[in-house]
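Report on the following structure.
The values are calculated or read from the model by the stated rules, or taken from the named source; none is laboratory data. Everything numeric here is computed off the predicted structure, so don't read it as measured data. Cβ sites come from the backbone with ideal geometry, for glycine too, and all protein chains shown count toward neighbours. Heads up: the accessible areas ignore ligands, DNA and RNA and are worked out on the full protein's heavy atoms, side chains in. Shrake-Rupley method; radii C 1.70, N 1.55, O 1.52, S 1.80 Å.
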Amino acid sequence: MNFAFTEEQEELRKSARSFLENYSSSERVREMMETESGYDKEVWTRIGQELGWPSLHIPEEYGGSGFSYVELIAVMEEMGTTLLCSPFFSSVCLAANALLQGSNDKLKKEHLPGIASGDTIATLAFTEPNGRWGADGITSTAVSDGGDFLLNGVKSFVIDGHTAQLLIVAARTEGTTGTDGVSLFAVPADTAGVSSRALNTMDLTRKQAEITLENVRVPSNALLTDAGAAWPALSKTLDLAAVALAAEQVGGAQRCLDTSVEYAKVRVQFGRPIGSFQAIKHKCADMLLEVESARSAAYYAGWAAAEDNEELSTVAPLAKAYCSDAYFHCAAENIQIHGGIGFTWEHDAHLYFKRAKSAEIFLGDATYHRELLAQRIGL
Amino acid sequence: MNIVVLVKQIPDPAGPSELEDDYTLDRNCKLILDESDSYGVEIALQLRETSGGGEVTLVSMAPNKEVSGIRTALAMGAEKAILVTDDALSGADALTTAKVLAKAIERAGDYDLVIGATESTDGYVGTVPAAIAELLGLPSVTFAKKIEVQEGKIVVQRQTEAGYDLIEAPLPAMISVTAGVVEPRYPSFKGIMAAKKKPCDIIGVSDLGLDVSAGWGQEILSVEDAPARAAGEKIEDDGESYLKIVEFLENKKII
């Protein structure tokens, strides 16, 4: 077991860092925040074609590069550092993982190469207006109709749901509850009966949409797994997405710590840099402790995901819970340490604060994940 | 089209740096690709792609068999590398470096073009490309910002203060490129992994048939800190301070 990144993985990180420095600067992020799509097509094309990030963990037989989740979390962390606005998380960490966890090889061959090259933007339409993250939250229905299925319901908080060409939709067989009867369908966004509407969200760096399904007819071969038996695949997809999001949170938290420390050294008050005051020192020390612990948790979870071992189901909620708290706390302290300037629109502190909040809540907050962890270890 | 690119591996300019007893830079640390060389690598890769074939060979001189910086350039897409590494070269001056690199370039096989940076980020001597051209008997074109290959010759835009000169030279030629003229590509993980398997020929001075035991005609006697910037002049703005600025610029004969 080796937790250190290899020299090659460090090179990947370096390459990602220099790309993001140029293409995910504060100015770029703010530009993208103002758009409805929320991402720069040209930058996304380069990420797909030149840098190959979406292909990293997708197996070669499905058009990917066949590397592992460790490489994926390394770039996720870097993306979190600069708040990259892109459909990476939705397409790769949600949709591609769902397809990979499913058993439908034909769907994998059809859709994964497009996701790997960045040509296909895809997402997972799982949550609903009830805002619940467990299987109970799924109330959309899938009714068998002459060999096809008819989907009905409303999906909400769907990341990039208004720009995705492919939706992985969770719906349940009527009359079932909980983890029973859940199915996943690959639904092209232009299928009749599918409509989407961009949502107004606090975190403008990551767009969300509401998707309405009205008698959407899909063939049975759009099922990712056997009908009604998708919960294990969906649950694991959510674990994998949580691990990726945790890594992204680490990157963001680290940036908050870095900017806080930098500012504490140069901002002079009462004739001394504010970093020399205990009140600020202690804040920075607490942030460092949290960032380091969060990083260890996220890396460990990334390793468990890469190994696809049984620990994933426990370390994923652990990492998501810890990293959510850590990022939000660091983002909030970052504003405090910056004082008045930290409250201004021009300073980036609020961008990280908002991303920290949306990431904290997405896939379930820390309390939800601690409960999930308790259940999974049999407490 | 076969192109040789000179790449220097230097201590990270962002990190702390130390001097050796002979006042040369301590290079016994992890070295990285000099950013100013990444432009030459990018230009070489583009020229190779346009010409539809050939190889890009990297030539480097560094202590301790250091290949980290070379790997970065290989990850970008170069095919192979030659590294000269020899304790005898520690502290070598620019002319000796040029002699070593010229011999190493000859080892690279047939080439149409040799590309280097204008100057390195750690030494800033800036004479190596021209010295190599002389040693190899090649035409030397410096400060290139754009290179186009035509039938048996190159057409180069040579950057000047006012604009650029258009220069033609027969092939093979030695060209030094200015920093920032192209955007060096970002290595993908596939490229990074492939770089691990690309050939890197590590050789010493004797393999090149050179003898540097006589040393070089350069010795650094002392190193001084750059003088601290003198304090500026503060002017309280009474609404007329722009006149002071105009006066200042006039005195400097800027306006």
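With loop defined by DSSP as not H, G, I, E or B, and exposure as at most 14 other Cβ atoms within 10 Å, which is the longest segment of chain A clear of exposed chymotrypsin sites (Phe, Trp or Tyr not before Pro)?
Here the longest run is A:4-269.
Hey, got a sec? Which GluC sites (Glu not before Pro) in the range A:1-86 land in a DSSP loop and have at most 14 other Cβ atoms within 10 Å?
Passing both the DSSP loop test and the Cβ count: A:Glu36.
Taking a probe of 1.4 Å and counting only protein heavy atoms, give the total accessible area buried between chains A and B in Å², rounded to the nearest 100.
The buried area between A and B, both sides summed, comes to about 1400 Å².
What does the charge count near B:Asp237 come to, summing +1 for each Lys or Arg and -1 for each Asp or Glu among other residues with Cβ under 15 Å from its Cβ?
With Lys, Arg at +1 and Asp, Glu at -1, the neighbours total -3.
Please flag any cysteine in chain A that has no other cysteine's Cβ under 4.7 angstrom from its own Cβ.
A:Cys85, A:Cys93, A:Cys284, A:Cys323
Kindly express, to the nearest 10 degrees and within the range 0 to 90, the angle between helix A:366-376's C-alpha long axis and the longest C-alpha principal axis of chain A.
Result, in degrees: 60.
Which longest run of chain B has no exposed loop site in it, a site being chymotrypsin sites (Phe, Trp or Tyr not before Pro) in a DSSP loop with at most 12 other beta carbons within 10 Å, and the site itself not part of the run?
Counting only loop sites that pass the neighbour cut-off, the longest clear stretch is B:125-255.
I need the fraction of alpha carbon pairs in the range A:229-379 separated by more than 29 Å, rounded to a whole percent.
Cα-Cα pairs in the range A:229-379 separated by more than 29 Å: 25 percent.
Starting from the Cα of B:Asp201, move 7 Å in the Cα-to-Cβ direction to define the label point; list residues of the range B:51-65 whose amide nitrogen is under 18 Å from there.
B:54-62, B:65
Per residue Cα convex hull volume for chain A, in cubic angstrom?
Dividing the Cα hull volume of chain A by its residue count gives 134 Å³.
Could you state how much accessible area B:Val149 has, in square angstrom rounded to the nearest 10, with a 1.4 Å probe and all protein chains kept in place?
B:Val149 has an accessible surface of roughly 60 Å² with all protein chains in place.
Determine the shape class of the protein assembly as shown: with a ≥ b ≥ c the square roots of the Cα gyration tensor eigenvalues, call it rounded for a/c under 1.5, and otherwise prolate if a/b is greater than b/c, oblate otherwise.
Here the protein assembly as shown falls in the prolate category.
Would you mind estimating how fast the range B:3-208 diffuses translationally, via Stokes-Einstein at 37 °C and 0.692 mPa s with the Kirkwood radius over Cα pairs, in µm²/s?
192
Which one, B:Ile254, B:Cys29, B:Val141, projects farthest toward the positive side of the charge dipole computed for the protein assembly as shown from Cβ point charges (K/R +1, D/E -1)?
B:Cys29
Counting only trypsin sites (Lys or Arg not before Pro) that sit in a DSSP loop (anything but H, G, I, E, B) with at most 11 other Cβ atoms within 10 Å, what is the longest stretch of chain B containing none of them?
Segment B:66-228 is the longest.
What shape does the range A:1-107 have by the C-alpha gyration tensor, where a ≥ b ≥ c are the square roots of the eigenvalues, rounded means a/c under 1.5, and otherwise prolate means a/b greater than b/c and oblate the rest?
Oblate is the answer for the range A:1-107, as a/c is 1.5 or above yet b/c matches or exceeds a/b.
Taking a probe of 1.4 Å, how large is the accessible area per residue of the range B:3-208, in Å²?
Result: 45 Å² of accessible area for each residue.
With charges only on Cβ, +1 for K and R and -1 for D and E, what is the dipole size of the protein assembly as shown about its Cα centre, in debye, rounded to 20?
Result for the protein assembly as shown is approximately 1180 debye, rounded to the nearest 20.
Tell me, which residues of the range A:46-66 get at least 50 Å² less accessible area when the other protein chains come in, versus the chain alone (1.4 Å probe)?
A:Glu50
Computed FRET efficiency, Cβ-Cβ of A:Asp180 and B:Lys80, R0 41 Å: what is it to the nearest 0.05?
Given R0 = 41 Å and the Cβ-Cβ separation, E is 0.10.
Considering only DSSP beta bridges whose two residues both sit in the protein assembly as shown, what percent are antiparallel, to the nearest 5?
60
Could you state the accessible area per residue of the range A:228-349 in Å², with a 1.4 Å probe and every protein chain left in place?
On a per-residue basis, 41 Å².
Against the longest alpha carbon principal axis of chain B, how many degrees, from 0 to 90 and to the nearest 10, is the axis of helix B:35-51 turned?
For B:35-51 against chain B, the angle is about 50 degrees.
Using the Cβ atoms and a cut-off under 11 Å, what net charge is assigned to the surroundings of A:Gly66, where Lys and Arg are +1 and Asp and Glu are -1?
Once positives and negatives cancel, what remains is -2.
Give the percent of DSSP beta bridges with both residues in chain B that are antiparallel, rounded to the nearest 5.
40
Keeping the other protein chains in place, figure out the carbon and sulfur percent of the accessible area of the range B:42-102, with a 1.4 Å probe.
Exposed carbon and sulfur together represent 48 percent of the surface.
State the extension gain, in nm to one decimal, for the chain segment bounded by A:Leu379 and A:Asn200, taking 0.36 nm per residue of separation less the distance between their alpha-carbons.
60.6 nm
Return one number: the angle in degrees, 0 to 90 and rounded to the nearest 10, between the long axis of the Cα atoms of helix A:312-338 and the longest principal axis of the Cα atoms of chain A.
Around 40 degrees separate the two axes.
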